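Worksheet: the structure to be examined is printed underneath.
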Amino acid sequence: QVQLAESGGGLVQPGGSLRLSCAASGSIFSFNVMGWHRQAPGKQRELVASMATSGSSDYADSVKGRFTITSDNARNTVYLQMNSLKPEDTAVYYCNYRGGTMSLWGQGTQVTVSS
């Protein structure tokens, strides 16, 4: 089994920054992909950013240049640094782990960008 522990999120003004973290524990596959998706009210869940243990990363076009995903493979943790936040970034952010045939979601953390 794999467990995910998310932290971060909250309320921030437009232009501000937040950092999310997600730590995986348990039976971790040596090769895996971890990342963040988000879901705003009335919208589908979408990929924000992901990173493989190989180091390759992927970003949604809407966050390129503003968000950065990094990882600490020794701690099976990924971080999402979110800068220059906009009101349209408001959503519930979900950590996702994919390893082997498993895809696991975190419980989600709310990010609200508002003045």
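The values are calculated or read from the model by the stated rules, or taken from the named source; none is laboratory data. Note that the coordinates shown come from a computational prediction; the quantities given were computed from them, not determined experimentally. Note: ideal-geometry Cβ built from the backbone for every residue, glycine included; neighbour counts use all protein chains shown.
Would you point out the residue of segment 70-96, among those that are among the hydrophobic types (A, V, I, L, M, F, W, C) and surrounded by fewer than 18 Cβ atoms within 10 Å (Cβ to Cβ), that is nearest to residue 3 (Cα to Cα)? Working first, answer last.
Quick first cut of segment 70-96, residues among the hydrophobic types (A, V, I, L, M, F, W, C) only: 74, 78, 80, 82, 85, 91-92, 95.
Right, trim to surrounded by fewer than 18 Cβ atoms within 10 Å (Cβ to Cβ) and you get 74, 92.
Values: 74: 16, 92: 19 Å.
Checking each candidate, the answer is 74.
Only one of (1) under 27 Å from residue 115 (Cβ atoms); (2) touching a residue at least 60 places away in the same chain (Cβ under 8 Å); (3) touching a strand residue (DSSP E or B) at 6+ places or on another chain (Cβ under 6 Å) is not met by residue 34, so which one is it?
Evaluating residue 34 over (1) under 27 Å from residue 115 (Cβ atoms); (2) touching a residue at least 60 places away in the same chain (Cβ under 8 Å); (3) touching a strand residue (DSSP E or B) at 6+ places or on another chain (Cβ under 6 Å) leaves (1) as the failure.
Could you tell me whether any residue of segment 12-22 is in a strand (DSSP E or B), out of contact with any His (no Cβ under 8 Å at 6 or more places or on another chain) and small (Gly, Ala, Ser)?
yes
Output yes when any residue across segment 60-69 is modelled with pLDDT under 95 and either surrounded by fewer than 16 Cβ atoms within 10 Å (Cβ to Cβ) or under 10 Å from the mean Cα position of the chain (by Cα) (or both), and no when none is.
no
Of all residues in segment 5-38, how many are aliphatic (A, V, I, L, M) and in contact with a Gly (Cβ under 8 Å, 6 or more places away or on another chain)?
Result for segment 5-38: 5.
Return the residues of segment 48-87 that are in contact (Cβ under 8 Å) with a residue 40 or more places away in the chain, among the charged types (D, E, K, R) and farther than 22 Å from residue 25 by Cβ; say none if nothing qualifies.
Listed by number, the list holds a single entry, 86.
Of all residues in segment 6-59 being under 17 Å from residue 111 (Cβ atoms) and among the aliphatic types (A, V, I, L, M), which is surrounded by the fewest Cβ atoms within 10 Å (Cβ to Cβ)?
Ranking the qualifying residues of segment 6-59, first place goes to 11.
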